[in-house]
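Right, one structure below, let's go through it.
Read the figures in this text as sums done on the coordinates, not as results from a lab. Worth saying up front: this structure is predicted, and the values here are computed from it rather than measured. A quick note on method: Cβ atoms are made from the backbone with ideal geometry, for glycine too, and the neighbour counts reach across all protein chains shown.
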Amino acid sequence: MHKNKKSALDSSINTIVILIIAMTALGLALRFTKGTFTALHDDFFAINEQLKNQINDYMLTNGMRIYFPSTNIEISKGESKILGIGIKNKKDEPLRYKLIIKSYKDQDGNSFSADNWFQYADKERVIEPAESHIGNLKLIMPKNIASGSYALTLEIFDLGLESAYDSKDFFITVRG
């Protein structure tokens, strides 16, 4: 009986030691993982801020009101892409605006609708004089669209003047 109590005690001690080692390893793994993801998160926002500064500098240097670098966007059916956009207020008063995307013709000269192709906040925005907004549009290409080329215009509509503040023509080429 004495032997059974000793082996039971040894077994309990071994279990406790293994449990302590496992908890320590888990703690170290969690600390490492948190540190890695925190660093990635911080790097993402640093890069994002750096990109915003580069776009602002580019618009200022080139006297641009709108920055939309894509003139021909290639995309497959069912695919999505994030597109960057920058808007600089060169007026002496706040710019009240809305984004409008107009569809024109496909490669065969037929009219088409791109109403459900883009995701963005369709709301009134305001930019103070000499300030800019940097943001994104998400292009989501439907799966049932015909392959080919489509002509569109991105327009910054000035709500104060009720006319276009600036616009940029671009094409979307849909691959099969």
Counting sequence-distant residues (5 or more places) and residues on other chains, those with an amide H built under 5 Å from that of Ala164 are Asp158
Positive end of the charge dipole of the stretch 66-175 (Lys, Arg +1 and Asp, Glu -1 on Cβ, about the Cα centre): tell me which of Ser147, Gly84, Ile100 has its Cα farthest that way. Ser147
Calculate the length of the line joining the C-alpha centroid of the stretch 69-120 to that of the stretch 122-174, in whole Å. 3
